[in-house]
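Student: Before I ask anything, let me first share the structure, which is written out below as structure tokens.
The values are calculated or read from the model by the stated rules, or taken from the named source; none is laboratory data. Computed from a predicted structure; not experimentally measured. Reconstructed Cβ throughout: ideal geometry from the backbone, glycine too, with neighbour counts over all protein chains shown. Just so you know, the surface numbers come from the protein's heavy atoms only, side chains and all, with ligands and any DNA or RNA stripped out. Shrake-Rupley method; radii C 1.70, N 1.55, O 1.52, S 1.80 Å.
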Amino acid sequence: MDTLLRLEDLTMHYKTKAGWVQAIDGVSFSLDKGQSLGLVGESGCGKTSIAMSIMRLLPYNAQLVKGRILFGGRNLYALSDEEVRQLRWKEVAMIFQAAMNSLNPVYSVGNQIIEAIVTHEPETGEDEARERVESLFELVGIPKERMDHYPHEYSGGMKQRAVIAMALACNPSLIIADEPTTALDVIVQDKILREIEDIRRKINMSMIYISHDVSVIAEVSDVVGVMYAGKLLELGPADDVFKRPKNPYTYSLMHAYPSILGEKHDLVTIPGEPPNLLDPPTGCRFHPRCDWATKECGETAPLWREITEGHYLACHNPIRTKQGKSCKQQKTAKGGDVIDTSDGN
Amino acid sequence: MRRYVFGRLGQVILTLLIYVTLVYFLMQAMPGDITMMYLSNPKIPQAAREELRKQLGLDQSLFMQYFSYMKNFFRGELGVSFSQYPKPVWDILMEKLPRTFVLFLTANVLSFYIGFVLGKVIAWRRGRAIDYAATVVGITFWTAFYPLLALVVIWLFAYNLKWLPLNQFIDPRLWSTAPFTANQVFGNMVSGAAIVAIGIFLISYYLLRGLKPSRRSRVYAWSLAAALVAAVLVIAARKGMLIYIWDITRHMILPVLTLTLINFAGTMLLMRDSMLETVQEDYVLAARAKGLPDHVVRDRYAARTALLPTVTSLVLSLASSMSGGMVTETMFSWPGLGQTLFTAALSNDYPLATGALAFTGIFLLIAHFIADILYAVLDPRITYTGQSDV
Ligand SMILES: Nc1ncnc2c1ncn2[C@@H]1O[C@H](COP(=O)(O)OP(=O)(O)OP(=O)(O)O)[C@@H](O)[C@H]1O
Ligand code: SF4
Ligand SMILES: [Mg+2]
């Protein structure tokens, strides 16, 4: 399959008064055309920063330290501002974390979508763009008479759908959905996610889903990447990663959420807080909270390597068993908060 | 929308009632007795005194006087001026009001526009040299002592450079042989300007609507607007008014300049602040993500919503410059409402002073009303009532 997007050793820091925030550190992955990737990790681990790097929309205090981003073979950070402007939305569109606020209150919703279309396709007339918005509204399930209404006249779920329609407006090859449904209640959330997935498959578009919620990622992604404190710890086909997690953090994260993949797990919380990225821990950034940590973990950072086809990992002590008894023994021996771990499969 | 407008209108009328009442009692409470003053005024003949006494209703109780005053006020009967006897106050005011209105409206719209554009640009390039320069210059003018600034402007442009007349509304030498009165020319000027303004509004509304007006409609719009301006000028020229219009315009430049200098920074700084907030909004980031050109993100997204709070400032600055109107008009000998109020107060011309004060208030109330409507037009969230009548 063709590679659409490739991040190579991406490292991006924010400059602050207190020092450099190491928000992205050596992240590499690639995404094929038509594939969906889920990025999961606790709040503040750098998911949005990755999305913004791909959009080249980083704030002024952000600095690309090393690495590069290739989109369709082109190095994004070697393009001119104008080239990037033309790439945005036409090629890469985004559903923002704050979807509710990403509509301008003083223009009608339809107007804002039409604007995106006529900006990127100057040959499209406004009437033609309008018809397209009508069919987009139909696709995402908003009555088309609502086009001329203003954002404040929309309910939360409708705004969310409108923002999705907007992302689809120029038929981009990639959409980045940053917590696309967190503001909604669970039922609507599920419904919308499934709808996005349907549309995505229909038009064979690539997608990056970003969420702190493993169950959301599990539902929609072909490939999952698990992030922790600015680093990718594990990445691979969703079935693989969720059925046989290799990284202890992946394992803990899965168990921190109830009901993944429909199975019943009791809740395990991960003790401790994510680290301060101004001064992250040496070695593996997860080691202060990791029940599998050994001496090596605090000293050297684990290498990012491919363990089986398409399954990447950074860990000194990968979980070897099938998510089974050894975990339980090890964890309880160390006094972790295990209430009960099922034997899995 | 209609309900909103009527609601506002009701409030304006109520405020007006209260205001006129206040003005009336304020005038009653002024030191000096009207009766004594006009009875001992040798300029007024005996017969006229009786007429005046009746007209002023001085033989009635205070309450009845107030009542008939209000009744007369709303019928436009404001009495007769003492100092310009027997000219009715209404006529005097109708002559002065447009002059004040045009002067302050021009100055305020100009300073608002300049402040808006500068504020927008410096907020977008915050922290750069232009930001500091504009802020320092703006604050300097803003805090300047107004009469001093006026003197400096007069000294520089009128006395020193001799580009513009010192003061007054017209040049008496030019007008001594004029076939028109200043009021006729001024009236024509105002209607001409109004026709051009409405015309340009309609042209841009019908031809330049939509997100991306085609090149052809833009060319149409520009040529239509140019034709309109040319037509108005040609008509004025054929009436032989052009030179007189130019004379009045020349006399307006210095007061407008002074008012603009002192006012623009208020809007500019407010706009800058307001926009520094809106640039943080998610929809501005989203607009950039959409790949809209930089100036579109700035103008249609960041500046468009930042504009809302500054519309209020337009009214406030109009109010403050109107209350300073007496100073402006006196400094530049501009025969408008402020100067009329000033001289009327000095010469104990109570009817005229009351009328002038009342009209200053009405003027401000109308400005307020217009700003409210403008605000509602600009912000779709304001009039929202559940249906889509916006
Ligand atoms: N403009 C900025 N300046 C300095 N630090 C920043 C900036 N933006 C983000 N950060 C920091 O960078 C880290 C990563 O932030 P990011 O928003 O990418 O996390 P996230 O995974 O999207 O979190 P969440 O799930 O809460 O959205 C955080 O520690 C955050 O505090
Ligand atoms: S490298 Fe060590 S600390 Fe890091 S996840 Fe693996 S076992 Fe835990
Ligand atoms: Mg985020």
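Student: Name the single residue that is nearest to the chain's Cα centre (by Cα) among those in region A:130-145 being acidic (Asp, Glu) and more than 14 Å from residue A:108 (Cα to Cα). Steps first, answer last, please.
Tutor: We begin by selecting, within region A:130-145, every residue acidic (Asp, Glu); these are A:131, A:134, A:138, A:145.
This time we only want the ones that are more than 14 Å from residue A:108 (Cα to Cα), so: A:131, A:138.
Working: A:131: 31, A:138: 26 Å.
Among those that are acidic (Asp, Glu) and more than 14 Å from residue A:108 (Cα to Cα), it is A:138.
Student: Quick test for you: out of A:284, A:290, pick the one residue that is out of contact with any Ser or Thr (no Cβ under 7 Å at 6 or more places or on another chain), open to solvent by less than 30 Å² (accessible area, probe 1.4 Å), modelled with pLDDT under 90 and more than 16 Å from ligand 1 (Cβ to nearest atom). Spell out how you get there, then give the answer.
Tutor: Values: A:284 fails: modelled with pLDDT under 90.
Sole residue among the options that is out of contact with any Ser or Thr (no Cβ under 7 Å at 6 or more places or on another chain), open to solvent by less than 30 Å² (accessible area, probe 1.4 Å), modelled with pLDDT under 90 and more than 16 Å from ligand 1 (Cβ to nearest atom): A:290.
Student: Let me ask something else about it. Any idea which of A:62, A:99 is small (Gly, Ala, Ser) and either within 29 Å of residue A:147 (Cα to Cα) or assigned by TED's automatic domain parsing to the domain that holds residue A:148 (or both)?
Tutor: A:99
Student: Tally time: how many residues in region A:84-102 are open to solvent by 20 Å² or more (accessible area, probe 1.4 Å) and at the interface with another protein chain (Cβ under 7 Å from one of its Cβ atoms)?
Tutor: Here is the first cut: in region A:84-102, the residues open to solvent by 20 Å² or more (accessible area, probe 1.4 Å) are A:85-86, A:88, A:90-91, A:97-98, A:100-101.
In the following step, the residues that additionally are at the interface with another protein chain (Cβ under 7 Å from one of its Cβ atoms) were identified as A:85-86, A:88, A:90, A:98, A:101.
The qualifying residues number 6.
Residue-wise test of (1) within 14 Å of chain B (Cβ to nearest Cβ); (2) in contact with a Gly (Cβ under 9 Å, 6 or more places away or on another chain); (3) within 16 Å of ligand 2 (Cβ to nearest atom); (4) not charged (D, E, K, R).
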{"position": "A:156", "(1), (2), (3), (4)": "no, no, no, yes"}
{"position": "A:159", "(1), (2), (3), (4)": "yes, no, no, no"}
{"position": "A:170", "(1), (2), (3), (4)": "yes, yes, no, yes"}
{"position": "A:180", "(1), (2), (3), (4)": "yes, no, no, yes"}
{"position": "A:188", "(1), (2), (3), (4)": "no, yes, no, yes"}
{"position": "A:198", "(1), (2), (3), (4)": "no, no, no, no"}
{"position": "A:201", "(1), (2), (3), (4)": "no, yes, no, no"}
{"position": "A:212", "(1), (2), (3), (4)": "no, yes, no, yes"}
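Okay, residues lined up against (1) within 14 Å of chain A (Cβ to nearest Cβ); (2) open to solvent by 60 Å² or more (accessible area, probe 1.4 Å); (3) modelled with pLDDT of 80 or more:
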residue: B:167; (1), (2), (3): no, no, no
residue: B:170; (1), (2), (3): no, no, yes
residue: B:185; (1), (2), (3): no, no, yes
residue: B:190; (1), (2), (3): no, no, yes
residue: B:196; (1), (2), (3): no, no, yes
residue: B:202; (1), (2), (3): no, yes, yes
residue: B:209; (1), (2), (3): yes, yes, no
residue: B:213; (1), (2), (3): yes, no, no
residue: B:217; (1), (2), (3): yes, no, yes
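Student: From the set of residues in region A:8-30 that are surrounded by fewer than 23 Cβ atoms within 10 Å (Cβ to Cβ) and among the hydrophobic types (A, V, I, L, M, F, W, C), which is farthest from ligand 2 (Cβ to nearest atom)?
Tutor: A:18
Student: Here's a follow-up. Would it be correct to say that residue B:312 is open to solvent by 20 Å² or more (accessible area, probe 1.4 Å), of a type outside the set (D, E, K, R), in a helix (DSSP H, G or I) and away from chain A (no Cβ under 14 Å)? If you could, list the steps in order and put the result at the bottom.
Tutor: Details: open to solvent by 20 Å² or more (accessible area, probe 1.4 Å): yes; of a type outside the set (D, E, K, R): yes; in a helix (DSSP H, G or I): yes; away from chain A (no Cβ under 14 Å): yes.
So residue B:312 passes the test.
Student: Considering region A:293-306 alone, what residues qualify as being within 19 Å of residue A:9 (Cβ to Cβ) and open to solvent by less than 60 Å² (accessible area, probe 1.4 Å)?
Tutor: Step one: list which residues in region A:293-306 are within 19 Å of residue A:9 (Cβ to Cβ), which gives A:300-306.
Within region A:293-306, A:301, A:302 meet the criteria.
Student: Moving on. Which condition from (1) within 26 Å of residue A:24 (Cα to Cα); (2) open to solvent by 10 Å² or more (accessible area, probe 1.4 Å) is the one that residue A:105 breaks?
Tutor: Here residue A:105 clears every test but (1).
Student: Checking residue A:94 against (1) within 16 Å of ligand 1 (Cβ to nearest atom); (2) part of a helix (DSSP H, G or I), which single condition isn't satisfied?
Tutor: (2)
Student: Residue check, residue A:158 against (1) at positive phi; (2) open to solvent by 30 Å² or more (accessible area, probe 1.4 Å), all met but one. Which one?
Tutor: (1)
Student: Out of all the residues in region A:249-268, is one or more modelled with pLDDT of 90 or more and touching a strand residue (DSSP E or B) at 6+ places or on another chain (Cβ under 8 Å)?
Tutor: yes
Student: Would you please name the residue that is nearest to residue B:85 (Cα to Cα), looking only at residues in region B:30-46 that are modelled with pLDDT of 70 or more and open to solvent by 80 Å² or more (accessible area, probe 1.4 Å)?
Tutor: B:43
Student: Would you mind stating whether residue A:47 is open to solvent by 50 Å² or more (accessible area, probe 1.4 Å) and either closer than 29 Å to residue A:204 by Cβ or of a type outside the set (Val, Ile, Thr) (or both)? Steps first, answer last, please.
Tutor: Values: open to solvent by 50 Å² or more (accessible area, probe 1.4 Å): no; either closer than 29 Å to residue A:204 by Cβ or of a type outside the set (Val, Ile, Thr) (or both): yes.
No: the conditions fail for residue A:47.
Student: So if I check each of A:8, A:42, A:91, A:83, which one is within 16 Å of ligand 3 (Cβ to nearest atom) and among the acidic types (Asp, Glu)? Step through it out loud before you land on a result.
Tutor: Values: A:8 fails: within 16 Å of ligand 3 (Cβ to nearest atom); A:91 fails: within 16 Å of ligand 3 (Cβ to nearest atom); A:83 fails: within 16 Å of ligand 3 (Cβ to nearest atom).
Step by step, each of A:8, A:42, A:91, A:83 is checked, and only A:42 is within 16 Å of ligand 3 (Cβ to nearest atom) and among the acidic types (Asp, Glu).
Student: Across region A:145-157, what is the number of residues that are at pLDDT below 90 and either assigned to a helix (DSSP H, G or I) or under 17 Å from residue B:286 (Cα atoms) (or both)?
Tutor: Of the residues in region A:145-157, the ones at pLDDT below 90 are A:155-157.
Those left that are additionally either assigned to a helix (DSSP H, G or I) or under 17 Å from residue B:286 (Cα atoms) (or both): A:156-157.
Total satisfying the criteria: 2.
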